[in-house]
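Only one structure is covered here, and it is reproduced in the block below.
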Amino acid sequence: MKKYWTPVVMLVIFEIVAVILWLTKENIFYLFNFSYIGLSISFGVFLFIRKYKHARRIVQLLVGLYMLIYLGLICNENMQIEGFWYYLFTGVFEAATIHYAVAKIFGPLLFGRGWCGYACWTAMVLDFLPYKGPDSPRKKIGWIRYITFAASLIFVTALFLAKVGNIERIMFWAFIVGNVIYFAAGIILAYAFKDNRAFCKYICPITVFLKPMSYFSLLRIKCDMDKCVSCGKCKKVCPMNVDVTDNSRKRQNGTECILCMECVKNCPKDAL
Ligand code: SF4
Ligand code: SF4
Ligand code: SF4
């Protein structure tokens, strides 16, 4: 039974966040929202412990579809980065800003880039593509992420400076157009580079927050060097080219780890 403590602890953490936000914001939505996400993630961890091979994909679909369809399209909440800037500029500490604070800015100090492995709706689609483990080395074009990051900030700043009316509506359409562009760019890049996660590695603006914060992540994959036989299998299956056998925080591509557990599942010596 000891092995089931992890999903239980995760559920409790999410419930604590849910209750705190519900009571402080006096909005029952937060209770529902974080309870749902916590339950989905805990269920996925439970399935992973039971060695169900599609555990992570189930969580991605449960959380990703909820955010994309329910929060984005039905509730008109722009959860893309421009939505974050918008709510930040208006001083509204509501769903999108809370979402960024929890999942993408402060949360990664605790659970690294778990968001990218289990909840992101862009990656939810990209992970269906055929190039799960990249064959070729990484390209040196990661600087593109800073351009997309700046573009999102400039876009929202320009709307405010130009005093454009009904920005809320523009944000809704920006969410739809932004997602179409992300999906299209992600799929084209995946096929061009034969790498499902090429969009994550080179284009995604959110990694500007995620990478530095996940450097300090409490939760990380560690290698037991006494068991490791240096077979290289972990690196071969890693979708993010992480050198997981190096236990230092400076490991190659360490801030790219999405905690997908592919290396753990495939290590023949249970060293991870
Ligand atoms: S890097 Fe960006 S697109 Fe990729 S999973 Fe993370 S948030 Fe999603
Ligand atoms: S797969 Fe396991 S044994 Fe092989 S190099 Fe990685 S950690 Fe070591
Ligand atoms: S395979 Fe391992 S090192 Fe690579 S992203 Fe997944 S959990 Fe991280």
- Which of the residues spanning the stretch 245-272 are closer than 17 Å to D135 by Cα and either near ligand 2 (Cβ under 8 Å from one of its atoms) or in the same structural domain as M124 (by TED's automatic domain parsing) (or both)? C263, N266
- Task: Could you please find all residues in the stretch 186-212 being away from ligand 3 (no atom under 16 Å from the Cβ), closer than 22 Å to D135 by Cα, of a type outside the set (A, V, I, L, M) and outside any helix (DSSP H, G or I)?
- Result: K194
- Just a yes or no: is a residue in the stretch 120-133 small (G, A, S), crowded, with 21+ Cβ neighbours inside 10 Å and closer than 29 Å to I41 by Cα? yes
- Return only the number of the condition from (1) in the same structural domain as C75 (by TED's automatic domain parsing); (2) within 16 Å of ligand 2 (Cβ to nearest atom) that Y182 does not satisfy. (2)
- Query: Of everything in the stretch 19-35 that's surrounded by 15 or more Cβ atoms within 10 Å (Cβ to Cβ) and closer than 18 Å to V9 by Cβ, which residue is nearest to the chain's Cα centre (by Cα)?
  - Reply: F34
- Restricting the stretch 221-272 to residues that are of a type in the set (V, I, T) and outside any loop (DSSP other than H, G, I, E, B), the residue that is nearest to ligand 1 (Cβ to nearest atom): T255
- Considering residues of the stretch 213-244 that are more than 13 Å from ligand 3 (Cβ to nearest atom) and within 20 Å of the chain's Cα centre (by Cα) only, the residue nearest to G133 (Cα to Cα): Y215
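The values are calculated or read from the model by the stated rules, or taken from the named source; none is laboratory data. Because the structure is predicted, anything quoted here is derived from the model rather than measured. Methodologically, a virtual Cβ is constructed for each residue, glycine included, from the backbone with ideal geometry; neighbour enumeration extends over all protein chains shown.
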